[in-house]
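Engineer: This structure is in structure tokens; I'll ask about it shortly.
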Amino acid sequence: MDIPVAFRWVLLALAVLQFLSVVSVLRRMRALETERRVDARIDLLDSVSGFLLLAGLGFDHLTTGVVGLALMGLALVMKGIRFLQSRRHA
């Protein structure tokens, strides 16, 4: 699949923004409560997977994009499990 050059630049700019979101997640990982740290780890996995997906598409590297997509699916499954657990305890 050939992505036009203009879209590649847009994807790379979005990848940089996604990478910057990792900084805010890293701050939350220093929280004292264990639940907030677990949620922050899942959010970190989500941010890194989004970065890998966008960078893989931007650099036309299919393997990196597929790994990012797989990690994103794992992060979404983990978020769903955490959501169901929180509803069960409430």
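The values are calculated or read from the model by the stated rules, or taken from the named source; none is laboratory data. Just so it is clear, the structure is predicted and the values come from calculations on it, not from any experiment. Using ideal geometry, Cβ is built from the backbone for each residue, glycine included, and neighbour counts are taken over all protein chains shown. Ligands, DNA and RNA are excluded from the accessible area calculation, which covers all protein heavy atoms including side chains. Shrake-Rupley method; radii C 1.70, N 1.55, O 1.52, S 1.80 Å.
Engineer: Applying the selection to the stretch 48-90, what residues are more than 9 Å from the chain's Cα centre (by Cα), closer than 14 Å to L12 by Cβ and part of a helix (DSSP H, G or I)?
Structural biologist: Hits for the stretch 48-90 are L54, A55, G56, L57, G58, T64, G65.
Engineer: Please count how many residues of the stretch 21-55 are closer than 21 Å to K79 by Cβ, without any contact (Cβ under 8 Å) to a residue 24 or more places away in the chain and open to solvent by 60 Å² or more (accessible area, probe 1.4 Å).
Structural biologist: Total meeting the criteria: 12.
Engineer: Hey, can you tell me all the residues within the stretch 1-20 that are surrounded by 13 or more Cβ atoms within 10 Å (Cβ to Cβ) and among the charged types (D, E, K, R)?
Structural biologist: Within the stretch 1-20, R8 is the sole residue that qualifies.
Engineer: If only one of R36, R27 is assigned to a helix (DSSP H, G or I), within 23 Å of I81 (Cβ to Cβ) and of a type in the set (K, R), which one is it? Reasoning before the result, please.
Structural biologist: On the way: R27 fails: within 23 Å of I81 (Cβ to Cβ).
From the options R36, R27, the qualifying one is R36.
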